[in-house]
1. Any idea which of (1) touching a helix residue (DSSP H, G or I) at 6+ places or on another chain (Cβ under 7 Å); (2) within 18 Å of GLN152 (Cα to Cα); (3) among the charged types (D, E, K, R) is the one GLU192 doesn't satisfy?
2. Only one of LYS238, LYS292 is over 30 Å from THR389 (Cβ atoms) and either in contact with a Pro (Cβ under 9 Å, 6 or more places away or on another chain) or in contact (Cβ under 8 Å) with a residue 12 or more places away in the chain (or both); which?
3. Of GLU81, GLU97, which residue is surrounded by fewer than 13 Cβ atoms within 10 Å (Cβ to Cβ), without any contact (Cβ under 8 Å) to a residue 24 or more places away in the chain and charged (D, E, K, R)?
4. Determine whether the range 154-176 contains at least one residue that is open to solvent by less than 80 Å² (accessible area, probe 1.4 Å), over 17 Å from VAL220 (Cα atoms) and of a type outside the set (A, V, I, L, M, F, W, C).
5. Anything in the range 234-288 that is of a type in the set (Ser, Thr, Tyr) and part of a loop (DSSP other than H, G, I, E, B)? List them, or say none.
6. Does the range 292-314 contain any residue that is on the phi > 0 side of the Ramachandran plot and either in contact with a Phe, Trp or Tyr (Cβ under 8 Å, 6 or more places away or on another chain) or surrounded by fewer than 18 Cβ atoms within 10 Å (Cβ to Cβ) (or both)?
7. Assuming ASP274 fulfils every condition listed in (1) closer than 30 Å to MET217 by Cα; (2) modelled with pLDDT under 90 apart from one, which condition is it?
8. Look through THR183, THR205 and report the one residue that is modelled with pLDDT under 85 and either open to solvent by 70 Å² or more (accessible area, probe 1.4 Å) or over 30 Å from PRO52 (Cβ atoms) (or both).
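The values are calculated or read from the model by the stated rules, or taken from the named source; none is laboratory data. All values derive from a computational prediction rather than experimental measurement. Counting neighbours? That spans all protein chains shown, and the Cβs are built from the backbone with ideal geometry, glycine included. Just so you know, the surface numbers come from the protein's heavy atoms only, side chains and all, with ligands and any DNA or RNA stripped out. Shrake-Rupley method; radii C 1.70, N 1.55, O 1.52, S 1.80 Å.
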Amino acid sequence: MENIMVMIGIVLVAAIISIIVVLHLMRKSKNNKFKKIINDLDYQKNQLDTSPVGPELAKVENYVNNEKLEVMYNNWKDRLEDIKDTKIPKITNMLIEAEYLLSKKDYKSTMYKIAKLEMEIYKVRTTSEFLLDEIKEVTNSEERNRGSITKQKAHYRELYIKFKETESEYGEFNEAVENEFQTIAKRFEDFETLMDQREFTEIPTVLKIINDLLNHMEVVIDELPSIILIGQNILPKKIEEITQIYSKMASEGYPLDYLNVEYNIEESKKKIADILNRAKVLNLEDSLFDLKVLTEYFENLFTDFEKEKIIKSDYEEANNTLKNKLNKINKLVDEIFNQLDYLNKMYDLSDQDLQNFNDVKDEVTQLNEDYKALMNHTNNKTFAYSKLTDSIEELFTRLSNAENKLDNSLNVLGNMHDDEVRARQQLTEVSTLLKDSQSQIRTYNLPVIPNRYYVELKEAKEALNEIVKELEKKPITIETLNTRVDTARDLALKLFGKTKEMLKMAKYAEMAIVYGNRYRSSEKDLDRNLKYAESLFYKGEYKKSLELTINSLNKIEPGIYEKLLELSEKKAN
């Protein structure tokens, strides 16, 4: 037991020692970490202390030869002294405080102090770098300005050579361009004077002026020849040509007022004059663009003139076509309304049929009025042919609609007449069917004709008489007439078919009975059936008589019906 307790004690002591060692190592690691950060901040502080701002500012002292630069130099000097005498010593003190806090192992305060140090160093570094950039604007200005002026002089030479190569294109504006080049040359001289006098603060302004002048001159060299060509040659010729075409077309009766040609020509001349006047002082703002717009406008005028010529031809052709079609429909409508009372007496026209004719007449009347108004506009030269063409196309559409409605109404009349003709033809056909039916009945001397046959014959004749009555009526009600015709035709066809069927049954029944007589003496059942079949035959039950006879004979002589058919065909031949 004692051994166990000893072992436990040893383990506890070892664990405590291990913890102490670990904590010591962690604290040492943290201490080293903060020490490294403080050393790095100290290195950064030393870099600020050895900044090139001082040597660069010393260069400026040699350039100070005017009040403005002297003020700038003093300001930079004060700002540098503030960095060296105030801000960097402050950072040094903060570093000492951080090292003291670290030595006391006050890690929390040390970390806070390090954060403030980093911020302070960043602010001083930024201030120092900004100050250095300002100073270098002066110390590096000579080299930088020489580089800039060299490029500008090269640009100047390029523009001047280009101008001299095309000098003939500038005409009366040649002198203005030469003067502008001289102005730029004087600015180069101003630059050299400022450089000699070390007026570095004024040089950027001169460089900007030269740059602006060169950019403007580049526009002048690129655009002025085109402005001169368009403004003095191309546009005046186009205006002259447009004026001649316009005058000729106006004298030929073309309505061109909608184009405002005369007003636009005068305004264009004013605009061209203004552009050329401004070009004399090399003010070319929007000049080339405006001239191109004017050129495009006059080009479009040529297109508009050609369009009017084409449209006029199309319009006149369309006008002749519309006039002829309108005359035809006027004549047709007049003829219809002259006969409308007669047609209404001949056929029972519905209110809708009459209304359709009246609607067409109203539409045609309105079309005539609108066409007359269109002709007035045409003769008065009120509207352009493009506008008149739209109007005449609209009249064509309305005329086409009126023609379609009139055709539909005429089709109704035509159908009525066709139905009347068809009814008279059907009357003849139905009458012929009935006569044929009666003739066949009389040809074949039947012992008896069933009463139902006479009933159907009577119904067919009555239906035939109804057709005659409808045809004699004035006006004819076509719908009723068609019903009468259909009824009479159906009854006549039914009767005709029934007549043929009845005669056929009677013929075969009689033939079958005659054929069966050869077996009567030997076949008592057959004799009895034939007697009953004869009885049915004389009662007019021909189909039943045939069926009984055939069924009876078929027991004695199978296939008797086919033999009777063959026999019938031989007799017919």
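1. Of the numbered conditions (1) touching a helix residue (DSSP H, G or I) at 6+ places or on another chain (Cβ under 7 Å); (2) within 18 Å of GLN152 (Cα to Cα); (3) among the charged types (D, E, K, R), the odd one out for GLU192 is (1).
2. Checking each option against the conditions leaves just LYS292.
3. GLU81
4. For the range 154-176, residues open to solvent by less than 80 Å² (accessible area, probe 1.4 Å), over 17 Å from VAL220 (Cα atoms) and of a type outside the set (A, V, I, L, M, F, W, C): absent.
5. Listed by number, the list holds a single entry, TYR254.
6. There is no residue in the range 292-314 that is on the phi > 0 side of the Ramachandran plot and either in contact with a Phe, Trp or Tyr (Cβ under 8 Å, 6 or more places away or on another chain) or surrounded by fewer than 18 Cβ atoms within 10 Å (Cβ to Cβ) (or both).
7. (2)
8. THR205
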